[in-house]
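Student: Sharing a structure with you now.
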Amino acid sequence: MTASAAEEQGRCVVNVAAASASYDIIIGAGVLAQAGEKLAAVLPGRRAIVVTDENVAGLYLQVFSQSLRAAGFSLADPVILPPGEETKNFSQLQHIIESCLAQKLDRKSAVIALGGGVVGDIAGFAASMLMRGVNFVQVPTTLLAQVDSSVGGKTAVNTKQGKNLAGAFYQPKIVLIDTEVLKTLPAREMKAGYAEVLKYALINDPAFFEWLDGNHAAVLSGDAAALSHAIAVSCRAKAEVVAADEREEKDIRALLNLGHTFGHALEALGGYDGRLLHGEAVGIGLGLAYGFSAAQGICPPEDAARVERHLSDAGLMTSPPFAVTAAQVLEKMRGDKKASEGKMTLVLAKGIGQAFVAKDADEGAVLAFLQARTGT
Ligand code: ADP
Ligand code: ZN
């Protein structure tokens, strides 16, 4: 069956051809209950362990495990982590690895991440280290993880010094995306994930932006066909970038940071206390990247206005829910990178779907733009 024929039947397969590995992303409604047969087709052994969090375990662990057992898998006791970003630490990483070893998983066994980005990141890192690397499977259950963190092989935990500072590039054997699980995802998490979907449209796909402009309500309300389409287009976009630049060694993968330099700065200023989710910060950052591009005369002001209007229409934030000054934002945007002669690298846009990496954005201009935006 071709990818488009499969899409009509509510199933879509996107291949990721990374330099280190090639694997499929299977997208559709009800994929979770067919997980067993899909995994049996790609895994060398029939022993596996599921890593998940308490919320997802309560909702989906049973149906998922049943499907695996029916396909002949012998499952170790699952590792059920506390939900939330704080879980992405070294002590939980050790806990996962030692649970696997204590239950005698071997090199043919698989570690399966069933959950959002937190679970995928830490379980993937554990899989990369366990006996120097065992089979890994991603079953992302948040929109953000489905369109972004589960694709591309980045795994990590957080350290005292910052987020995701210890990790590995480690590709899964397969990614299973069930659009039905998004029905239980809180609306706020759904909108946060949508910001990453919008990002792909804004990077290089103006036709996808037009589609989203007409269909964001269907996507956000969980319409299965609209969601499958939006997720498939997003995964395909990310897969293309990963195929060209798996380890972020060229400028290509940097394009995925559209909205992120502004967004990460706001996220950090919020102190990661739950007032501003990553995706929410990215949404604001997309608006700022377009606003700044327009202020610089790089992008037509109408395009920047359209992005801002789309964010509002979709119910995304366009400014943070706490006060920030322009100087604070700029300081965080600089990060630890030493500014070279007042220039910084930003992803900017010449219009909708026309993002590019600007290595010489002027810090003074960024500051003036932020001052105008924040009134500080
Ligand atoms: P992200 O994927 O955005 O990085 P997390 O892994 O922290 O985020 O997941 C966000 C929250 O959503 C967590 O509390 C997690 O337990 C919960 N969650 C994940 N998937 C689902 C789902 N399908 N239904 C309900 N809650 C979910
Ligand atoms: Zn992001």
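The values are calculated or read from the model by the stated rules, or taken from the named source; none is laboratory data. All figures in this text were calculated on a predicted structure; none of them were measured in a lab. Positions of Cβ are generated from backbone atoms using ideal geometry, with glycine treated the same way; all protein chains shown enter the neighbour counts. In case anyone asks, the SASA skips ligands and DNA or RNA and just uses the protein heavy atoms, side chains included. Shrake-Rupley method; radii C 1.70, N 1.55, O 1.52, S 1.80 Å.
Student: Nearest 10 degrees is fine. How inclined is helix 363-374 to the longest principal axis of the chain, computing both from alpha carbons?
Tutor: 90
Student: Once you order the gyration tensor axes a ≥ b ≥ c over the Cα atoms, which shape class does the stretch 97-143 get: rounded for a/c under 1.5, otherwise prolate or oblate by comparing a/b with b/c? Let's see the in-between values first.
Tutor: Numbers: a/c = 2.19, a/b = 2.13, b/c = 1.03.
Here the stretch 97-143 falls in the prolate category.
Student: Shape of the stretch 245-376 from its Cα gyration tensor (a ≥ b ≥ c, root eigenvalues): rounded if a/c is under 1.5, otherwise prolate when a/b > b/c, or oblate?
Tutor: Cα axes put the stretch 245-376 in the rounded bin.
Student: Continuing with the same structure: Can you quote the Å³ per residue value for the convex hull of the Cα atoms in the chain, rounded to an integer? Before the final figure, lay out the partial values.
Tutor: Working: hull volume 47.3 nm³, N = 376.
With only Cα atoms used, the chain gives 126 Å³ per residue.
Student: By how many degrees, between 0 and 90 and to the nearest 10, does the Cα long axis of helix 301-313 differ from the longest principal axis of the chain?
Tutor: Once rounded, the angle reads 50 degrees.
Student: Can you pull out the trypsin sites (Lys or Arg not before Pro) in the stretch 277-359 that DSSP calls coil and that have at most 12 other Cβ atoms within 10 Å?
Tutor: K337, K338
Student: How long is the stretch 306-376 along each principal axis, judged by its Cα atoms, biggest number first, in Å?
Tutor: 39, 31, 20
Student: 222 nm [θ] for the chain, helices only, -39500 (n - 2.57) per DSSP H run of 4+, per residue, to 500?
Tutor: -14000 deg cm²/dmol
Student: Which of the lysines could be linked to K343 by a straight reach, that is with a Cα gap under 25 Å, when you skip same-chain ones fewer than 8 residues away?
Tutor: List returned: K163, K199, K250, K332, K359.
Student: Relative to the longest principal axis of the chain, what angle (0 to 90°, nearest 10) does the C-alpha long axis of helix 224-244 take?
Tutor: It is inclined by approximately 80 degrees.
Student: Tell me, what % of the accessible area of the stretch 227-362 is carbon and sulfur with a 1.4 angstrom probe?
Tutor: That fraction is 49 percent.
Student: Classify the stretch 115-175: rounded, prolate or oblate, from the alpha-carbon gyration tensor (a ≥ b ≥ c, eigenvalue square roots; a/c under 1.5 rounded; otherwise prolate if a/b is larger than b/c)? Don't skip to the answer; put the middle values down first.
Tutor: Values: a/c = 2.05, a/b = 1.08, b/c = 1.90.
Cα axes put the stretch 115-175 in the oblate bin.
Student: Picking from V134, V63, V357, which is most flexible by a Gaussian network model of the chain using Cα springs under 10 Å?
Tutor: V63
Student: Right, next: As an exercise, use a Förster radius of 45 Å and the Cβ-Cβ distance of D251 and A33 to find the FRET efficiency, rounded to the nearest 0.05.
Tutor: Details: r = 41 Å, r/R0 = 0.91.
The pair D251/A33 has a calculated efficiency of 0.65.
Student: Tell me, what is the percent relative contact order of the chain, built from C-alpha pairs under 8 Å that lie six or more residues apart?
Tutor: 15
Student: Over the alpha carbons of the stretch 172-213, what is the largest minus smallest coordinate on each principal axis, giving the biggest first in Å?
Tutor: Here the spans come out as 30, 29, 14 Å, largest first.
Student: How high is the FRET efficiency from E302 to Q62, r the C-beta distance, R0 45 Å, rounded to 0.05?
Tutor: Efficiency, from the Cβ-Cβ distance: 0.35.
Student: Select from I252, I25, I284 the residue whose mean-square fluctuation is largest in a Gaussian network model of the chain (Cα-Cα springs shorter than 10 Å).
Tutor: Looking only at I252, I25, I284, the biggest GNM fluctuation is shown by I252.
Student: Still on this structure, please answer the following. Which residue, S234, S149, S22, has the most motion in a Gaussian network model of the chain that connects Cα atoms within less than 10 Å?
Tutor: Most flexible of the set in this elastic network: S22.
Student: Can I ask one more? Among DSSP bridges having both ends in the stretch 1-131, what percentage is antiparallel? Round to the nearest 5.
Tutor: Taking every DSSP beta bridge within the stretch 1-131, about 40 percent pair in antiparallel fashion.
Student: Give me log10 I(q)/I(0) at q = 0.20 Å⁻¹ for the stretch 272-325, Debye formula, one equal scatterer per alpha-carbon, no solvent.
Tutor: -0.70
Student: If you don't mind, another one. How high is the relative contact order of the stretch 231-376, in percent, with contacts defined as C-alpha pairs under 8 Å that are six or more residues apart?
Tutor: 24
Student: Determine the per residue accessible area of the stretch 163-237 with all protein chains present and a 1.4 angstrom probe, expressed in square angstrom.
Tutor: Result: 35 Å² per residue.
Student: Could you tell me how far the Cα centroid of the stretch 64-127 sits from the Cα centroid of the stretch 10-31, in Å?
Tutor: For the stretch 10-31 versus the stretch 64-127, the Cα centre distance is 21 Å.
Student: Another question, then. Between V13 and E54, how many nm apart are label points set 7 Å from Cα along the C-beta direction?
Tutor: 3.9
Student: For the stretch 66-191, how big is the tail of P(r) above 17 Å, as a whole percent of Cα pairs?
Tutor: Result for the distance tail: 56 percent.
Student: If you count, for each residue, the other Cβ atoms within 10 Å and average over each peptide, how do 316-322, 173-179, 271-277 line up from highest to lowest?
Tutor: 173-179, 316-322, 271-277
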